[in-house]
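Read through the structure below, which is laid out as structure tokens, and then see the notes.
Every number here is computed from the coordinates shown, using simple stated rules; none is lab data. All values derive from a computational prediction rather than experimental measurement. Please note: Cβ atoms are built from the backbone with ideal geometry, for glycine as well, and neighbour counts cover all protein chains shown.
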Amino acid sequence: MQANTFKVRVDSIRDEAHGIRSFRITRVDGQPFDSYEAGAHIDVTAPSGITRQYSLCSDPALNDSQLFAVKRERESRGGSRSLHDDVGIGSELLVGQPRNLFRLVKDAHAHVLIGAGIGITPLLSMAYQLAANSQRFVLHYFARSEAHAAFLPVLSQEPFSGNVQFHFGIGSDDLAASLRGCLAGTARGTHVYTCGPAPFMDEVVAVGEATSTIAEVHLERFGADTAVSETGTALDEFDVKVLGSGKIVHVGKGETIVSALANIGIEIDTSCGEGVCGTCMVDVVEGDPEHRDHCLSKAERASNKVICCCVSRSRSPLLVLDV
């Protein structure tokens, strides 16, 4: 988990939908939370000791409390299960500072938010921010049924009701057509933001990229559930040079950059270990990284200016990193 953590108290718990529970937290020390931008997530350490990342779904303008929601995963390894089973009102948790790899584009002509299931969580905070700033947006929420749609009462009233469209019971065969309908008539320069299961987001990307008016599709993944290696041309072994000290360390086959740097006393903060959360992101000064993460945008990948050290590798014999 990242170094900057603090204790929070769970003040309220609410079952938002089938298998989805929200937790409202305040700081144990009585201080307000730091401000954050919509789309941010936090590390949460469950009573089981497992740390997972959860999107903040409260209004970013309010800093007296924070809200995150957790879907109870059938194959949980102790994260979501522990938060559902072991946490009650008054429980204390360890959380990290908000991090954001899913920001709204400030100069976008319009915004389309498309979520499925638990994927509504970062989009809800975006809707709060867009509504407060009187910016043009529409939120499309896909769920199996009303019972599976989290935050339905909130989304059904002002300031969201006029900007939200619900899509219940849409099968996989009909999803592409439904998404084309969601994006039909969008203004040129519109940005799309999507979060949900990987196959759902893949379909949003495919439809969005085929829609001429869409400038870019932005994704927020909850887990490393699809392969994203760019070309498979990474070297089995390579060297990493530390910009500040000039130290060079060899990264062997099957070894991560994080572990190699730790061997020479340089600790890189990590959390998910899957290239999802962005905790281990560092600047690339020289070299050609092969990106295997799930959090960088296409523009960030193309620039080769940053790398997620927990999963990504190198296509050049040497990477120079600013760590």
Fill in the blank from the handout: The alpha-carbon pair-distance distribution computed for the range 265-323, with 5 angstrom bins and whole-percent values, is 4, 22, 32, 27, 14, 2, 0
Practice task
Scan (i) -0.65, -1.29; (ii) -0.76, -1.10; (iii) -0.74, -1.27 for the value of log10 I(q)/I(0) by the Debye sum over Cα atoms at q = 0.11, 0.15 Å⁻¹ calculated from this model and give just the label.
Solution key: (iii)
Problem - the range 5-96 shape via C-alpha gyration tensor axes, a/c threshold 1.5 - result: prolate
Problem - Virtual spin-label span in nm between residue 166 and residue 7, 7 Å along Cα→Cβ - result: 4.1
Completion exercise
Exposure-ranked with fewest Cβ neighbours within 10 Å first, 121, 190, 270, 233 stand as 233, 270, 190, 121
Handout entry: Sites matching trypsin sites (Lys or Arg not before Pro) across the range 243-295 that sit in DSSP coil, with at most 11 neighbouring C-beta atoms within 10 Å
Key = 253
Practice task
Rounded to whole Hz and in sequence order, give me ³J(HN,Hα) for the range 282-294 from the Karplus expression 6.51 cos²θ - 1.76 cosθ + 1.60, θ = phi - 60°, writing x for Gly and Pro.
Solution key: 9, 7, 9, 8, 8, x, 10, x, 9, 7, 10, 7, 10
Practice task
Could you please rank 179, 152, 318, placing first whichever residue has the fewest other Cβ atoms within 10 Å of its Cβ?
Solution key: 318, 152, 179
Handout entry: Label-to-label distance, nm, for residues given as residue 235 and residue 250 (7 Å Cα→Cβ offset)
Key = 1.2
Problem - Restraint check, 7/247; 106/298; 247/305; 106/305; 241/305; 7/71, Cα-Cα greater than 25 Å - result: 7/247
Practice task
Using just the helices of the chain, give the 222 nm mean residue ellipticity in deg cm²/dmol: DSSP H runs with n ≥ 4 each add -39,500 (n - 2.57), and the total is spread over all residues, rounded to 500.
Solution key: -5000 deg cm²/dmol
Completion exercise
Residue separation between residue 154 and residue 74 times 0.36 nm, minus their alpha-carbon distance, gives in nm 26.1 nm
Handout entry: Gyration tensor verdict on the range 110-220 (Cα atoms; rounded if a/c is under 1.5, prolate if a/b is larger than b/c, oblate otherwise)
Key = oblate
Completion exercise
Rounded to 0.05, the calculated FRET efficiency for the beta carbons of residue 145 and residue 34 at R₀ = 41 Å is 0.65
Problem - For the range 232-308 and the range 88-158, distance of Cα centres in Å - result: 31
Exercise for the section: Assuming R0 = 22 Å, can you tell me the calculated FRET efficiency for the pair residue 107 and residue 302, based on Cβ-Cβ distance, to the nearest 0.05? Expected result: 0.70
Handout entry: Exposure proxy ranking, count of Cβ atoms within 10 Å, fewest first, for 123, 321
Key = 321, 123
